[in-house]
Ligand SMILES: Nc1ncnc2c1ncn2[C@@H]1O[C@H](COP(=O)(O)OP(=O)(O)O)[C@@H](O)[C@H]1O
Ligand SMILES: [Mg+2]
């Protein structure tokens, strides 16, 4: 069988095996009176179908928050990284405070944000932003300062301006690092938006996101719906991560070693 | 640079980094136009540093250094540097890599194209112009790096162990190619190498350096006629010189206390 066919078939087989195992565990391992704790995959699908409109609007709200927070973090972290790449002194003075941002738990941040900007999209965006910011800024800065020393000399010998050095040399050579940060942030963004929504989201007028739904469903003890929410959250994460993998492929496939085709 | 005055003139030059002991000291060396000077010596003796001084990438700490009759300046337009690694921009094709320095110097597009075409054909890479560096072999990448230097139409070419990472056959081949290019373009070269055979094959003169601090202990003129061909390597005169320089180098390396 060709490698390509195998690479398609194997994940499908693994998925089928996993679902089979799920049923076996549910029916053979778990006692009958406990079975409600692990809803069957078909029950989860049914729950998803029944609550499709609700899940869809929650997903849209969460996706909006995640995208805005993520986009803002990308733009601002890039700008800050450019500044941080200027000198070790600048980095030494800023890094500890960036750590503070990263280390403050959302559960502490949420009530403060609610007081400052009110619950809802704004709070969710800010929480997502804060969660995405650190890995982005650290990776991009690292990339910007890792430029080949000899290339910098070559540019200086060609009388390149400071801007040319940054945008024609440092930024392109930082791209692989930037995309590493971007991949991490892309998986964090939907999680950040969901957690942010759970703590500081808006419940009113269909503005809730997946975090809010999670709270509702768990309060009502609706396990299939809870699992359905988890599945939808995963899908959203896949979309984010997939989009970044695609972007990185577009930007790097021509020249970066990580996309070097192997001789088969 | 007029023909009469030396292209590069070191007079008792010293170099130190901060408070550390000097890396170079008492360097006195004069390169006339169209000379090909090889620098050979134990690693860490300051050969790269010496090239960086000429390129104006690092200031001298003592003595006097004149390049084209003036203090060295990193923006000197008639100087080109080739590093040990190809030092290409991996996100640009071969052609764009060759043109990038000219682009930075605001050379008009048609002139840029003409210079790049000429350099590509000099290093025989015209057919690979649209490839990316990762698609090339080590020797091909090095040729791109040399082509890029040649587009600058340098009067002074500084090469820091450019073929050090290549296998011997590729290296011999590129040595011949470099001399062939030299027949068509007139530049003065400083060439750092670890290979005595390479130094003898290429140079008009070889400077043997010792370390701690780096200084020139021997200057060996190479009186082999150009053009030099693979047959040159078989001539007794060539082999005598290789033996002589090897012995000089060995005596230097033995007497040099190696830094930990
Ligand atoms: N920028 C620098 N700062 C401090 N020391 C340096 C610097 N560049 C080179 N050196 C020191 O100068 C010495 C000579 O280095 P180098 O010129 O690279 O030697 P070579 O090229 O002959 O191997 C080494 O001991 C090295 O550690
Ligand atoms: Mg060196």
*Given B:130, B:193, B:170, B:204, which one is under 27 Å from residue A:259 (Cα atoms) and either within 16 Å of ligand 1 (Cβ to nearest atom) or surrounded by fewer than 23 Cβ atoms within 10 Å (Cβ to Cβ) (or both)?*
B:130
*Spot the failing condition for residue B:36; the list is (1) over 22 Å from residue B:178 (Cα atoms); (2) at pLDDT 95 or above; (3) buried (at least 16 other Cβ atoms within 10 Å of the Cβ), and only one is missed.*
(1)
*Does residue B:159 satisfy being within 22 Å of residue A:158 (Cβ to Cβ) and more than 16 Å from ligand 2 (Cβ to nearest atom)?*
no
_Which of the numbered conditions does residue B:11 fail, given that it passes all the others? Conditions: (1) more than 14 Å from every other protein chain (Cβ to nearest Cβ); (2) surrounded by fewer than 16 Cβ atoms within 10 Å (Cβ to Cβ); (3) more than 16 Å from ligand 2 (Cβ to nearest atom); (4) modelled with pLDDT under 95._
(4)
*How about region B:10-38: which of its residues are in a strand (DSSP E or B) and farther than 28 Å from residue B:227 by Cβ?*
B:10, B:11, B:12, B:13, B:14, B:15, B:24, B:25, B:26, B:27, B:28
*asked:* Residues that are more than 30 Å from residue A:147 (Cα to Cα) and either free of Cβ contacts under 8 Å to residues at least 12 places away in the same chain or in contact with a helix residue (DSSP H, G or I) (Cβ under 6 Å, 6 or more places away or on another chain) (or both): does region A:181-190 have at least one?
replied: yes
*How many residues are more than 13 Å from ligand 1 (Cβ to nearest atom) and either away from chain A (no Cβ under 14 Å) or assigned to a helix (DSSP H, G or I) (or both) if we restrict to region B:39-64?*
4
*Can you name the residue in region B:100-117 that is away from every other protein chain (no Cβ under 11 Å) and touching a helix residue (DSSP H, G or I) at 6+ places or on another chain (Cβ under 8 Å) and, of all such residues, is surrounded by the most Cβ atoms within 10 Å (Cβ to Cβ)?*
B:116
_Condition met for residue A:5 (loosely packed, with under 11 Cβ neighbours inside 10 Å and part of a helix (DSSP H, G or I))_ = yes
*Consider residue B:158 carefully, then state whether it is in a helix (DSSP H, G or I), closer than 14 Å to residue B:187 by Cβ and more than 9 Å from every other protein chain (Cβ to nearest Cβ).*
no
*Go through (1) within 16 Å of ligand 1 (Cβ to nearest atom); (2) over 20 Å from the mean Cα position of the chain (by Cα); (3) assigned to a helix (DSSP H, G or I); (4) surrounded by 17 or more Cβ atoms within 10 Å (Cβ to Cβ) and name the single condition residue B:253 misses.*
(4)
*Which one of the conditions (1) part of a helix (DSSP H, G or I); (2) in contact (Cβ under 8 Å) with a residue 40 or more places away in the chain does residue B:238 fail to meet, given that it meets all the rest?*
(2)
*region B:87-99, residues that are at the interface with another protein chain (Cβ under 8 Å from one of its Cβ atoms) and either assigned to a helix (DSSP H, G or I) or within 16 Å of ligand 1 (Cβ to nearest atom) (or both)*: B:87
*Sole residue being buried (at least 16 other Cβ atoms within 10 Å of the Cβ) and within 11 Å of the chain's Cα centre (by Cα), chosen from B:74, B:84*: B:84
*Just checking, which of B:84, B:74 is within 12 Å of ligand 1 (Cβ to nearest atom) and either within 13 Å of another protein chain (Cβ to nearest Cβ) or not in a loop (DSSP other than H, G, I, E, B) (or both)?*
B:84
*asked:* I need the full set of residues from region B:23-56 which are within 13 Å of ligand 2 (Cβ to nearest atom) and without any contact (Cβ under 8 Å) to a residue 24 or more places away in the chain, in order please.
replied: B:52
*Collect the residues in region A:145-164 that are facing another protein chain (nearest Cβ under 7 Å), over 32 Å from the mean Cα position of the chain (by Cα) and not in a helix (DSSP H, G or I), keeping them in residue-number order.*
A:158, A:159, A:160
*Only listed residue being touching a residue at least 60 places away in the same chain (Cβ under 8 Å) and not assigned by TED's automatic domain parsing to the domain that holds residue B:40, chosen from B:196, B:208, B:192, B:252*: B:252
*If you go through region A:189-202 one residue at a time, do you hit one that is more than 20 Å from the chain's Cα centre (by Cα), at pLDDT below 95 and over 23 Å from residue B:87 (Cα atoms)?*
yes
*Among the residues of region A:127-151, which ones are in contact (Cβ under 8 Å) with a residue 60 or more places away in the chain, more than 19 Å from residue B:89 (Cβ to Cβ) and either surrounded by fewer than 23 Cβ atoms within 10 Å (Cβ to Cβ) or not assigned by TED's automatic domain parsing to the domain that holds residue A:208 (or both)?*
A:130
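The values are calculated or read from the model by the stated rules, or taken from the named source; none is laboratory data. Keep in mind that what you see is a predicted model, and the values were worked out from it rather than measured. Neighbour counts are summed over all protein chains in view; Cβ atoms, including those assigned to glycine, are modelled from backbone coordinates with ideal geometry.
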